[in-house]
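What follows is a short report on a single structure.
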Amino acid sequence: MPSFDVAVIGLGALGSATAAALAGRGVSVVGLEQFELGHDRGASHDTSRIIRHSYHTQSYVALSKQAYADWVMLEESSGASLVTTTGGVDLFPPGAAIPMIDYTTAMDTEDIAYDVLDADEVTARWAALRPPPGTAALYQAETGIVPAARGTTVMQRLATVRGATLHRQTPVTGLRPDTTGIQVVTPGGTLSVGSVVVTADAWVEPLLRPLGIRLGLTVTEEQVSYFAPPQPGQFAVDAFPVWIWMDDPSYYGFPMYGEATVKAAQDCGGPVVTAEDRSGQPDRRLLAGLSGFLAGLVPGSGPPVRSRRCLYTLTPDRDFVLGPVPGEPRIVVGLGAGHGFKFAPTFGRLLADLALGGLPGPELHPFRLDRRALVDAAYATSWLV
Ligand SMILES: Cc1cc2nc3c(=O)[nH]c(=O)nc-3n(C[C@H](O)[C@H](O)[C@H](O)COP(=O)(O)OP(=O)(O)OC[C@H]3O[C@@H](n4cnc5c(N)ncnc54)[C@H](O)[C@@H]3O)c2cc1C
């Protein structure tokens, strides 16, 4: 098998962005995907993903600034229009499980502007959105939508145009570091590379366990559903925002995007599965829970028309994994913990830096592989952000 400077394992959004970033730097890069490119068994398929600055920590807000800049770079490099700005409203009901102060503090620290609204002001602005009295809301004007499957394909195409070699139907079964490099084992033979980027999401732990790495991940099979509103005009991009319900359970939703439907979902509502035993089938219980919630907040959503399943791969603290394997800097790992798509081009750039020998900067400290949440089996899991 030919040798390459870098191998990227897994060509979802994160791996495709990494392959494009590496190829853009003139190094030889091979991308290895176990299924077809663009398959729907992982986390990067379907129509849309939220992009936003409104986050609960300063480091995420700071990283979000990089993400917006990196999406602009990707649009310029690919010639594709990818970011749709809609505005976004985070809704905090009385006694919300997610503290609003975390979001306002983080955005204030990074000078991100937002409006604070009450329930009446929300409905006055967006007639289709009906939060209960006492709800406080944060409106951030730059929140928007990026395309999931289409965005991933754009990054794969850019990687190929820049000279990367992408292989589909090529599962990696093992990684063997030695003095010459990393031996990447596949059923078709072993590749010798200088370094490896692992962006395998729900399938990552079997690849890292032999290297002594434990991440304490939980895979859930989430569901998003599409509804057909009788008055679609109320849900157009300029008439309806992206919204997030900041409580437990937490829900989120979109304006119309490319079709006359509105999409919504519960965050972290899906059953715990493995990447192998996920069902892929619509879940009536999840749909019933979501429909019941929407009947209150977005009563004009209309009847459900379809549902899609998708995998979350959750760290115990719901923070990303982005960094080198401790003691083996030639193997670098990237994982989005169920909220990484908006950062895909940024993951790509930062993982490329690390794969080419760069050292992790202070902004990556919260995402390191040897943090307590990942290594301490007694760490109290918290996925609500
Ligand atoms: C329902 C849902 C809603 C979401 N909403 C948002 C949102 O609004 N905003 C946001 O920012 N994020 C959101 N996310 C999260 C985001 O989609 C993911 O974090 C992101 O897509 C992860 O990309 P990935 O490339 O790491 O994973 P994946 O797309 O799953 O890619 C991993 C790839 O690795 C391949 N692979 C695995 N093991 C091997 C192997 N051994 N050999 C070869 N290939 C291998 C897999 O086949 C797969 O293609 C959402 C996710 C879901 C499920």
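The values are calculated or read from the model by the stated rules, or taken from the named source; none is laboratory data. Since this is a predicted model, take the numbers as computed values, not measurements. Heads up, the Cβs are rebuilt from the backbone with ideal geometry, glycines too, and the neighbour counts pull from every protein chain shown. Surface accessibility is based on the protein's heavy atoms, side chains included, excluding ligands, DNA and RNA. Shrake-Rupley method; radii C 1.70, N 1.55, O 1.52, S 1.80 Å.
When I244 is tested against (1) open to solvent by 10 Å² or more (accessible area, probe 1.4 Å); (2) part of a loop (DSSP other than H, G, I, E, B); (3) touching a residue at least 60 places away in the same chain (Cβ under 8 Å), exactly one condition is not met: (2).
Residues that are surrounded by 13 or more Cβ atoms within 10 Å (Cβ to Cβ) and assigned to a helix (DSSP H, G or I) within region 115-125 comprise A119, E121, V122, T123, R125, listed in sequence order. Just to be sure, is I112 assigned to a strand (DSSP E or B), closer than 27 Å to A352 by Cβ and out of contact with any Leu (no Cβ under 6 Å at 6 or more places or on another chain)? No. In summary, P230 fulfils each of the numbered conditions (1) assigned to a loop (DSSP other than H, G, I, E, B); (2) surrounded by fewer than 18 Cβ atoms within 10 Å (Cβ to Cβ); (3) without any contact (Cβ under 8 Å) to a residue 60 or more places away in the chain with the single exception of condition (3). With respect to (1) surrounded by 21 or more Cβ atoms within 10 Å (Cβ to Cβ); (2) over 22 Å from K342 (Cα atoms), the lone exception for H167 is condition (1). The selection criterion, being open to solvent by 10 Å² or more (accessible area, probe 1.4 Å), near the ligand (Cβ under 6 Å from one of its atoms) and at pLDDT 95 or above, does not hold for A13. The sole residue among T180, T190 that is over 20 Å from F367 (Cβ atoms), more than 10 Å from the ligand (Cβ to nearest atom), open to solvent by 40 Å² or more (accessible area, probe 1.4 Å) and at pLDDT below 95 is T180. The single residue among A67, A21 that is in the same structural domain as G189 (by TED's automatic domain parsing), crowded, with 18+ Cβ neighbours inside 10 Å, farther than 30 Å from G296 by Cβ and within 16 Å of the ligand (Cβ to nearest atom) turns out to be A21.
Scanning region 272-316 for residues that are within 15 Å of the ligand (Cβ to nearest atom), within 30 Å of P366 (Cβ to Cβ) and open to solvent by less than 40 Å² (accessible area, probe 1.4 Å) turns up V273, A275, R309, C310, L311, Y312, T313, L314, T315.
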